[in-house]
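To keep things clear, I will list the structure first and then write my remarks on it.
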Amino acid sequence: MAAPPGEYFSVGSQVSCRTCQEQRLQGEVVAFDYQSKMLALKCPSSSGKPNHADILLINLQYVSEVEIINDRTETPPPLASLNVSKVEKHFRDVESQKILQRSQAQQPQKEAALSS
């Protein structure tokens, strides 16, 4: 479902908004979903680390004011390529670890049942 004109945020735009708790949030739009009214903002890291950023997910139903500081009209840069085989390997490794942990957790229970 496409957003009506004027009811969307362009990726890369700088926005500022005020929550219903009077908190002021400002950052770069990294994603926006019109149907759920969710806005993802990239903000400077709260830890102060220079090469890090915070990603805030904001439910616009709880925002009282939104101001577009700098509207980006050009096409955003392409996404970085994804190494699918590396992701699949990581997924298999995590699943193997979970199975191993479950079997190790069940081992003392089996031994206790056999000894009684």
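Worth pointing out:
- Summed over segment 43-63, residues that are more than 17 Å from PHE32 (Cα to Cα) and exposed (fewer than 13 other Cβ atoms within 10 Å of the Cβ) total 8.
- For segment 83-106, the set of residues classified as exposed (fewer than 10 other Cβ atoms within 10 Å of the Cβ) and at pLDDT below 85 consists of GLN104, ALA105, listed by residue number.
- The one condition from (1) at pLDDT below 90; (2) surrounded by 10 or more Cβ atoms within 10 Å (Cβ to Cβ); (3) more than 22 Å from GLY12 (Cα to Cα) that ASP71 does not meet is (3).
- In segment 32-59, residue farthest from ARG72 (Cα to Cα) [restricted to those that are touching a Phe, Trp or Tyr at 6+ places or on another chain (Cβ under 9 Å) and without any contact (Cβ under 8 Å) to a residue 24 or more places away in the chain]: MET38
- Residue list for segment 66-99, restricted to those being polar (S, T, N, Q) and either without any contact (Cβ under 8 Å) to a residue 24 or more places away in the chain or out of contact with any Ser or Thr (no Cβ under 8 Å at 6 or more places or on another chain) (or both): THR75, SER81, ASN83, SER85, SER96, GLN97
The values are calculated or read from the model by the stated rules, or taken from the named source; none is laboratory data. All of these numbers come straight from a predicted model, not from anything done at the bench. When we count neighbours, we look across all protein chains shown, and the Cβ atoms used for this are built from the backbone with ideal geometry, even at glycine.
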